[in-house]
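Have a look at the structure below, then the notes.
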């Protein structure tokens, strides 16, 4: 191994201001559960009063789901070298089913641990990992099936509700009925509902016992739609500090989970830094690292190398693994006539291995061995779609659906072991073929949560695939996908930078929220209502602060109307002060009130009806239709 | 009137290089019709050969629909002061139903024409306008109903086909069946089909006889989905040159029509410059200018002022007018309890007028008078949705649908006069309520083309409403909307700059194309297939050039891999040279070929089946499922 490149070494304990500065107009609050160490963070946006001209009401604050962790807590001091507080440590310990190991179980992990050349890049405050005691199963699914409501489940119930009763009262006079396509959305999430959903496999709580820093969250179609952001260096560039900063940046904008897709020589150390500092679940694709261990020669992969990698990562605390066990030998020929063949990296690695040995995929043949590892740490499966379509032409083809059938079969094996499981899907799919993906997945995978990339609804917009795919993501989210894997504008072209990550995440927060609205998720419309009311009342700052990206909204506004006074003005730059439809609408209401017709629909309508009657009597015909 | 501000004066005959430089990899071609002056412009993208490693095929060029006009023609020299060639002048003249006026018919137009202070800002090479001879009707709908196939209709048929036979052969081995929701999409567009669709009102050809520079195009759900871009200065800023440049910029990226929503003191002159230089139809909202004429006091609007404005603009060559005749007095109270009231500028102006006078909307009562003007110049109606919902909360409410009913009633009146008509719709609508909009519109407006703003599928993303609305636009386009009115990232926040216009247009080109794919528009998938094949074969430059924004794609690629050699490399920056799924897929194919199993699905499958048989005989069970 070469010397450690100096740019890998973490030079600061802090993060840059751009990723930790307070989110404008928000403050961190905590809602306490049944025990004092169960404090669920939320983001509260305080709102200004309605201006006098619109009626001078008080506007209650809005509570938002908060993925950003302690980084946006004004009282928290970031120290990357210490990592985040282990908020779940006591909950894990008190279940009495885990033991602290005396040494790492993975050979690779031990080698890295003892390599003096790595001292400069290593996270140094590490304790030894936990593992389930012999014969025990530490998955949330296992607890759920025993009827146990864990603190994690209670935490999630509080988190998902987002103080819905207060919200309903203040901001939700009405919400459009949704079309949920069979989802079961309770008006209020209880800890028992969380347990039931996890027990029947319809939702997963990815939280490895070695990642006690994570704030519990849930992925399932009867909960808020989640999004995942990918980070990862590549052979070409990126330092450890940059990767940690990317993770914090991702959760600032709303990433619910982060997948670390790093490749290169120091992925083990990079991952450690990310995990110790991540309040959201971290997913990986272990085959990438396994491939590095055999210098990129897929045919040299073995079960032993892969197994050691799983254990290495499980003991670091990775919360879910993408496992491409559905790329079966017999499926591979189904891809030969595709326009874009196999586009999944993992899928192509396994395909190459299968053909080289002319053997069945070793992940498939060792699937139960993998389950044994997963349940010893509570790592969840993300069953990989190695044969997902890489172009519109290849959508919904025999290869894709053959693999999906296999994933359904594997789901039942995982569930036999009480291992939490979600299913990866889509890629490139035109709109008319999206719904079939969701319906088949629900059917053949027995309602295990679906986790889809996009889908991209056309191939013709390189540079804008966050948009081609946000369209598909919104739709498949509506139909029932539980988590949407983001796509950045750089997809197909290059590695995303910070701006691309932000653009990708916001596009996916839009898709996820549009899906929640369309499903009729209880309370989902409250934020829209509060923002639109602020917009109508020219409460500019409230409009910015309630948006998905307050900084961008304000920056755009200020480009044309930079002065502070303009943020109090009852007009905007689109029409100028004398030509504003919102102002005219208010004039209409005022005028109606002046005329003795209250600005109340029923009364106004009544007033109009009277006038109409007068007109009719006078022989006018203009009301003949109305 | 004040002196003309100096920054309004056009200082150059040319446009900046950024809006006229050649589109990379494309050249302008013309397909000739039945007469030599009928030459339909298209954009041809030449493709490189497939690299040897992938089979060394020739790749036929791809023909793309081209909205950019002569500006992207390498042989054309731009001179804004002369305007574009009047390509339709002979077609209009030879029908023998128009006469050239000796003076402008509008009083306002004459006043501007003779005001010496305007000399510096006026387009100076103007001839007097045309008008239908007494008793004649010069609309394309009128001709269509007489059974006449005009050169405009033939032009459109050629344009819509985009050399589909050649495309089918080269790039369309297969296309997924669409779900068209009742659209009638012929495999090939004939001039007669164009005529039939226009005759029955299912499509419109907006092309005023005073805008002979326009390249004919059609709006109807049985044709390619179109998009509109809005431009317009405001009270705050913008010069004439900037507005012309915005128009050229908009069509460069694919705007099919452009609406000029300018306000301010020189909108008459600005509009003239835009029209004389625009190869796409121009739409306006005449009530905006009428309101300026009464200094912003809506209650002072009169039918006479409005009528003079319609004639003024019709004689300049505006191709379609948004007319808010559906904002009836009786509908106004239905908006009083809305979260965001009336958000359409036109709608609120008319509402204010109605309440001030307590009279029916004068656009409604004078609707047949308006029809008389429209048919004398062939201006198409865009029946405005003055009561469109401005927030998710207000979607699909009584006010919106009451207006839609009125628009249906007005459509039949317009058709009685053979006046071409489309219907404006949406605004903010959550996904589950979009389809109802389309179905109602088809029903109550008798299949007149629908022209929708977005819809925005959530309110919570100020700064990203091109995305919130591209989701809704793609869906409603799929369901049958004929033209999608773009939304830029600045919506609700400020005036779009050039970058915002580009972002808005590309988002909408994505939505429109995704809709065409989903409907199963014949040939629509060819571009996707060609691009994806280029992507798979690492023909980077072809991938960029086939995209909606070749410049952006290349820029993104070059951020991480700047060297020219990298555009020939068989890898990209996402994975680096040793870890590329596309490369591995090719290895899979090669490996299979080496093993005597041809890289042809059937043969490969056969080879696999043989191997499987051998395994089975040897007692292996790994094929038991496959």
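The values are calculated or read from the model by the stated rules, or taken from the named source; none is laboratory data. Note that the coordinates shown come from a computational prediction; the quantities given were computed from them, not determined experimentally. Here Cβ is always computed from backbone atoms with ideal geometry, including for glycine, and neighbour counts include all displayed protein chains.
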**OP:** Restricting attention to the range A:8-60, report how many residues are touching a helix residue (DSSP H, G or I) at 6+ places or on another chain (Cβ under 9 Å), surrounded by fewer than 17 Cβ atoms within 10 Å (Cβ to Cβ), at pLDDT below 90 and not in a loop (DSSP other than H, G, I, E, B).
**Re:** 2
**OP:** State whether one or more residues within the range A:168-188 are within 14 Å of another protein chain (Cβ to nearest Cβ), in a helix (DSSP H, G or I) and buried (at least 21 other Cβ atoms within 10 Å of the Cβ).
**Re:** yes
Original post:
Looking at (1) modelled with pLDDT of 95 or more; (2) farther than 24 Å from residue A:429 by Cα, which is the one condition that is false for residue B:163?
Top reply: (1)
Subject >> Residue among A:280, A:258, A:285 that is within 14 Å of chain B (Cβ to nearest Cβ), crowded, with 22+ Cβ neighbours inside 10 Å, under 21 Å from residue A:485 (Cβ atoms) and touching a strand residue (DSSP E or B) at 6+ places or on another chain (Cβ under 8 Å) >> reply: A:285
Subject >> Meets criteria (within 7 Å of chain B (Cβ to nearest Cβ) and at pLDDT below 95) for residue A:513 >> reply: no
**OP:** Out of the residues in the range A:390-403 that are more than 10 Å from every other protein chain (Cβ to nearest Cβ) and buried (at least 24 other Cβ atoms within 10 Å of the Cβ), state the one that is farthest from residue A:350 (Cα to Cα).
**Re:** A:400
Original post:
Among the candidates A:326, A:390, which residue alone is closer than 25 Å to residue A:483 by Cβ, in contact with a strand residue (DSSP E or B) (Cβ under 7 Å, 6 or more places away or on another chain) and touching a residue at least 60 places away in the same chain (Cβ under 8 Å)?
Top reply: A:326
Original post:
touching a helix residue (DSSP H, G or I) at 6+ places or on another chain (Cβ under 6 Å), modelled with pLDDT under 95 and surrounded by 22 or more Cβ atoms within 10 Å (Cβ to Cβ), is that true of residue A:231?
Top reply: yes
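Looking only at the range A:192-211, decide whether some residue is surrounded by fewer than 23 Cβ atoms within 10 Å (Cβ to Cβ), closer than 20 Å to residue A:41 by Cα and in contact with a helix residue (DSSP H, G or I) (Cβ under 9 Å, 6 or more places away or on another chain).
No: the range A:192-211 contains no residue that is surrounded by fewer than 23 Cβ atoms within 10 Å (Cβ to Cβ), closer than 20 Å to residue A:41 by Cα and in contact with a helix residue (DSSP H, G or I) (Cβ under 9 Å, 6 or more places away or on another chain).
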Original post:
Within the range B:537-558, how many residues are farther than 15 Å from residue A:491 by Cα and in a helix (DSSP H, G or I)?
Top reply: 5
**OP:** Identify all residues within the range A:144-167 that are over 24 Å from residue A:416 (Cα atoms) and part of a loop (DSSP other than H, G, I, E, B); write none if there are none.
**Re:** A:162, A:163
Original post:
Do we have any residue at all in the range A:438-449 that's within 7 Å of chain B (Cβ to nearest Cβ), in contact (Cβ under 8 Å) with a residue 40 or more places away in the chain, out of contact with any strand residue (DSSP E or B) (no Cβ under 9 Å at 6 or more places or on another chain) and assigned to a helix (DSSP H, G or I)?
Top reply: no
Original post:
under 22 Å from residue B:197 (Cα atoms), at pLDDT 95 or above, buried (at least 24 other Cβ atoms within 10 Å of the Cβ) and more than 11 Å from chain A (Cβ to nearest Cβ), is that true of residue B:422?
Top reply: yes
Original post:
Which ones in the range A:89-107 are in contact with a helix residue (DSSP H, G or I) (Cβ under 7 Å, 6 or more places away or on another chain) and in a loop (DSSP other than H, G, I, E, B)?
Top reply: A:103, A:104, A:105, A:106
**OP:** Residue by residue through the range B:279-296, note down the ones that are touching a helix residue (DSSP H, G or I) at 6+ places or on another chain (Cβ under 9 Å) and free of Cβ contacts under 8 Å to residues at least 24 places away in the same chain.
**Re:** B:290, B:294
**OP:** Could you please give the count of residues in the range A:489-510 that are at the interface with chain B (Cβ under 7 Å from one of its Cβ atoms) and within 17 Å of the chain's Cα centre (by Cα)?
**Re:** 3
**OP:** Evaluate the range A:209-222: report whether one residue or more is farther than 24 Å from residue A:253 by Cα and in contact (Cβ under 8 Å) with a residue 24 or more places away in the chain.
**Re:** yes
Original post:
Right, residue B:248: more than 29 Å from residue A:338 (Cα to Cα), touching a strand residue (DSSP E or B) at 6+ places or on another chain (Cβ under 9 Å) and outside any loop (DSSP other than H, G, I, E, B) or not?
Top reply: no
**OP:** Answer yes or no: is there a residue in the range B:297-313 that is more than 19 Å from residue B:112 (Cα to Cα), in contact with a helix residue (DSSP H, G or I) (Cβ under 7 Å, 6 or more places away or on another chain), assigned to a loop (DSSP other than H, G, I, E, B) and free of Cβ contacts under 8 Å to residues at least 12 places away in the same chain.
**Re:** no
